[in-house]
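These notes are about the structure you will find just below.
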Amino acid sequence: MQAPVELAPDVFWVGHTLGDDAFQLHAYLIRHGQQSVLIDPGSLVTIEHTLAKVQQVVDLDDIAWIVCHHPDPDVAGALTPLSDVLTRPDVQLVTEWRGDALLKHYRHRFPSYRVERHGWELPLGDGRTLEFQFSPYLHFPGAFVTYDPVSATLFSSDIFGGFVDDPSMLVCNDPDTVVEAVRPFHQHYMPSGALLRASLQRMQQRWPDIARVAPQHGYVFEGAAVGPTFAALEQVQCGLFVQESADHDLQRFLQVAEGRAELQRSIMRTAGVASWLGAVNGVIARTGLAEGCDMIVFIPNVGWRRWGWSVDGVPAPYPTGPDVVLLPGQPLAAVQLLGAADSHAIAELRSLVLEFSDVLHPLVDALVRQHQHADTVDHLRQVSETDPLTGCQNRRGLMEHPPTGAYGLLAIDIDHFKQVNDSEGHQAGDRCIVTVARVLRECLRRSDVVYRIGGDEFIVVLPSADLDRTMEVAERCRQAVGNVPCLDDAEPVTLSIGATAISTARPVSLQEAIGAADSALYQAKRNGRNQIATATPLSHH
């Protein structure tokens, strides 16, 4: 009698070689104490030999789980005798709902553990959890595969199944030999190359560290043979699935599965939310399930902001609605699907977004930090360029952001301001400065800017103003301030103003422009104050 073959620590082949039959059936055992797992136990032809091998490794009472990847008799025909042989009362049959509907016809006694109801996982305890992945129509509608992360073994069911020339050879690590064995099997049994490629890509993306593949038929292969064999199988031409275009759910599966693979590749190149949005919007557009998506992120102390094709950090309401996918965890973020075709499309896209939420969180976190840093920098810059008394920009603000093009410039002093400080005190002087600044702003356009550059000195910049326009504004400011008392029961103060204008005929530095206005200001003071003097207009070369 053949002995069990240990493929990895606590992972055994326990199948039976059927003479010269090219279509061999493989059963596998994961030894895990009293939570041991029998995978695809086999048929009435092989079960006696399989159980003999199992008993060389574990007691039959240690088997708590039986995995049946699909309900064909070569996988599940042994369930009938197993119901009598496995006397432990809590043994459960691991399957998917479509398989469960057929497996009951073997008249077994085992309650079902439905993988789709348990997050496609089976915890065995002591840090070991089997993981499952749906592989529809390969070759059964409810087919799935099993992955054991501890041994990095993929129990692939019919995928990678093949016809073998030498039944005595269980392990083959030559990709060409394996693919030659699987090619006719897949051409006959697998309905669609697109479905096969989608499932293979999802397996590699979810489990990038597969060390070996243990199919139900054909060869086991491992190590350096895994990657090339996956790649080669993707190129095998399978049977034509003539109803593919008519089956909406299947078409959607293909679109999203292929989009998921493309998105995984794109994510490796993304450096931020904008890049991710570009990648996912490209995928969504190609699937046709929606028009695209936006990212909505909560920025602490700022609120919700939206990023997308045509928006960049604009305010947004709290994200809600059936087309919104809230990402789990922190920072708070959501993806809003735009123009999703129907509820089924939203469900598929929701699954796609949530699958990549772990990748998104670092990108969103970096976006939040970047936005907060930018806000902090803007705030500090604004503080450093703002006069705290009047709220006008200060000398730093003028020097950091000098006017360009043609503009008018006013240099303004409050007449006899020292007397206000000396007679009324500095607090009264401050109130006078605040009042003058307010009146000046009220006389100007929104594009004009008032700067307090020290004490009672102001500069006013008038974009696109020639000298005539500059003089009109200067006179309006002089009259307005002269009509507003700065202090209770006190006469209004007056202004002396020097005015100049800059054209674009020759370059003029800001210092040169201020110097010309200052010269005109002193001329106004010498002429008796409460008046305007002009400097010769300056022009760019």
Keeping to segment 498-511, report how many residues are under 21 Å from VAL473 (Cα atoms) and either at pLDDT 90 or above or of a type in the set (A, V, I, L, M, F, W, C) (or both). 6
Provide a single number: the residues in segment 196-231 that are more than 31 Å from the chain's Cα centre (by Cα) and either of a type in the set (Phe, Trp, Tyr) or over 23 Å from TRP13 (Cα atoms) (or both). 2
Can you find a residue that is in the same structural domain as PRO41 (by TED's automatic domain parsing) and assigned to a loop (DSSP other than H, G, I, E, B) anywhere in segment 110-117? yes
I'd like to check something: does segment 31-45 contain any residue that is in contact with a His (Cβ under 9 Å, 6 or more places away or on another chain), part of a helix (DSSP H, G or I) and either buried (at least 24 other Cβ atoms within 10 Å of the Cβ) or modelled with pLDDT of 90 or more (or both)? no
Would you check if there is a residue in segment 106-118 being exposed (fewer than 15 other Cβ atoms within 10 Å of the Cβ), over 30 Å from ALA224 (Cα atoms) and in contact (Cβ under 8 Å) with a residue 40 or more places away in the chain? no
Could you tell me whether THR50 is surrounded by 22 or more Cβ atoms within 10 Å (Cβ to Cβ), under 13 Å from VAL5 (Cα atoms) and in the same structural domain as GLU96 (by TED's automatic domain parsing)? yes
Scanning segment 301-351 for residues that are acidic (Asp, Glu) and in contact with a helix residue (DSSP H, G or I) (Cβ under 9 Å, 6 or more places away or on another chain), the one surrounded by the fewest Cβ atoms within 10 Å (Cβ to Cβ) turns out to be ASP312
Answer yes or no: is there a residue in segment 53-60 that is acidic (Asp, Glu) and in contact (Cβ under 8 Å) with a residue 24 or more places away in the chain. no
Cβ contacts < 6 Å: first residue over 19 Å from VAL368 (Cα atoms), restricted to segment 311-329; second residue in a loop (DSSP other than H, G, I, E, B) and at pLDDT below 85, any location; separation 6+ or different chain. Result? ASP323/ALA340
Of all residues in segment 119-132, which are outside any loop (DSSP other than H, G, I, E, B), surrounded by fewer than 17 Cβ atoms within 10 Å (Cβ to Cβ) and touching a His at 6+ places or on another chain (Cβ under 9 Å)? GLY125
Tell me, which residue of segment 451-479 that is in contact (Cβ under 8 Å) with a residue 40 or more places away in the chain, surrounded by fewer than 20 Cβ atoms within 10 Å (Cβ to Cβ) and in a loop (DSSP other than H, G, I, E, B) is nearest to the chain's Cα centre (by Cα)? SER464
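Conditions tested, residue by residue: (1) acidic (Asp, Glu); (2) out of contact with any helix residue (DSSP H, G or I) (no Cβ under 9 Å at 6 or more places or on another chain).
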site: ILE47; (1), (2): no, no
site: LYS53; (1), (2): no, yes
site: ASP61; (1), (2): yes, yes
site: ILE66; (1), (2): no, no
site: ALA76; (1), (2): no, no
site: ARG88; (1), (2): no, no
site: ASP100; (1), (2): yes, yes
site: HIS105; (1), (2): no, yes
Scan ASP456, ASP468, ASP448 and give me the residue that is farther than 19 Å from PRO403 by Cα and of a type outside the set (Lys, Arg). ASP456
Subset of segment 19-30 (residues that are at pLDDT 95 or above and over 43 Å from the mean Cα position of the chain (by Cα)): none
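Would a scan of segment 178-185 turn up a residue that is part of a loop (DSSP other than H, G, I, E, B) and of a type in the set (D, E, K, R)? First the steps, then the outcome.
Within segment 178-185, the subset part of a loop (DSSP other than H, G, I, E, B) is none.
Scanning segment 178-185 turns up no residue that is part of a loop (DSSP other than H, G, I, E, B) and of a type in the set (D, E, K, R).
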In this structure, does LEU93 turn out to be surrounded by 19 or more Cβ atoms within 10 Å (Cβ to Cβ) and without any contact (Cβ under 8 Å) to a residue 40 or more places away in the chain? yes
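The values are calculated or read from the model by the stated rules, or taken from the named source; none is laboratory data. Model, not experiment: these values are computed from the prediction. Counting neighbours? That spans all protein chains shown, and the Cβs are built from the backbone with ideal geometry, glycine included.
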